[in-house]
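One structure below.
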Amino acid sequence: MRIHRLAPLALILVTPATATAGTRLPLTVRVYDMSADPTDRTRSFAAVARVLAPANVELQWLSGPLATRETPAPQDLVVRLVRQDTVATRPGQMALGYAVVDAAGRRGTVATIFLERVEWLARISGADVEELTGLAIAHEISHLLLGSPTHTARGLMRARWTTDEIRAGHPADWQLGRRERDQLRAGLAARLGTRRTPESPRVAALSVRAQAEPTLR
């Protein structure tokens, strides 16, 4: 059995949404940092809040000992931050993370982010690693709340993130579309109104991929 060390930082961070219409919906995200060097993710969490703000989502982050103190509620989300040291052996295109979605129930609970791959992509594209980590988390959380493995041609939910797109930094590339925001909010509202959802064997694993130019290593 491998025992993963949890982040020593105990953090509760509430990041309120600032959208104009509708009632703000609460969402608790429990973060399990299983890396060897867990760090303060406040800036990453702020990036997620910025993405979800137009959907009027109010985020509460639980990390470190606080994340494990109580049994997660059925509506809570879980984000795992892990390292696998696969960048050197799989250059070019790799999954930055994945979310497991119950295809029958159209909802999910657990998402995983591969930190060393996000750090690799940030390094070769000149991006801020905490900002990029937050965007990857926002992508996977959105899959969980949308209850779908579907990707879009444009915006945050596209399947591939290239170094050119990251360097360009066009705001529309890192936002949810209006339809996605509406669907995400509806999914969260349904989630908050559901006490318990049975497990389904039909699970879809999905990922956001980073594609670099072949000349970059």
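Residues in region 123-160 that are free of Cβ contacts under 8 Å to residues at least 24 places away in the same chain and in a helix (DSSP H, G or I) were compared, and the one that is surrounded by the most Cβ atoms within 10 Å (Cβ to Cβ) is V129.
Given the residues L184, L176, which is the only one that is at pLDDT 95 or above, in a helix (DSSP H, G or I) and closer than 23 Å to D76 by Cα?
On the way: L176 fails: in a helix (DSSP H, G or I).
Of the residues listed, the single one that is at pLDDT 95 or above, in a helix (DSSP H, G or I) and closer than 23 Å to D76 by Cα is L184.
Of the strands (runs of 3 or more DSSP E) lying entirely inside region 1-82, those containing at least 1 residues that are modelled with pLDDT of 75 or more span 25-33, 57-63, 77-82. Answer with yes or no whether G97 is surrounded by 18 or more Cβ atoms within 10 Å (Cβ to Cβ) and in contact with a Ser or Thr (Cβ under 7 Å, 6 or more places away or on another chain). Spelling it out, G97 is indeed surrounded by 18 or more Cβ atoms within 10 Å (Cβ to Cβ) and in contact with a Ser or Thr (Cβ under 7 Å, 6 or more places away or on another chain).
Which residues, counting only those in region 133-151, are among the hydroxyl-bearing types (S, T, Y) and modelled with pLDDT of 95 or more?
Of the residues in region 133-151, the ones among the hydroxyl-bearing types (S, T, Y) are 133, 142, 148, 150.
T133, S142, listed by residue number.
Taking region 32-59 as the search range and keeping residues that are crowded, with 20+ Cβ neighbours inside 10 Å and of a type in the set (S, T, Y), which one is farthest from P171 (Cα to Cα)? Result: Y32. Taking the criterion of being over 21 Å from A49 (Cα atoms) and either modelled with pLDDT of 95 or more or not hydrophobic (A, V, I, L, M, F, W, C) (or both), the residues of region 152-164 that qualify are R160, T162, T163, D164.
The values are calculated or read from the model by the stated rules, or taken from the named source; none is laboratory data. Note that the coordinates shown come from a computational prediction; the quantities given were computed from them, not determined experimentally. No Cβ is skipped: glycine too gets one built from the backbone with ideal geometry, and neighbour counts run over all protein chains shown.
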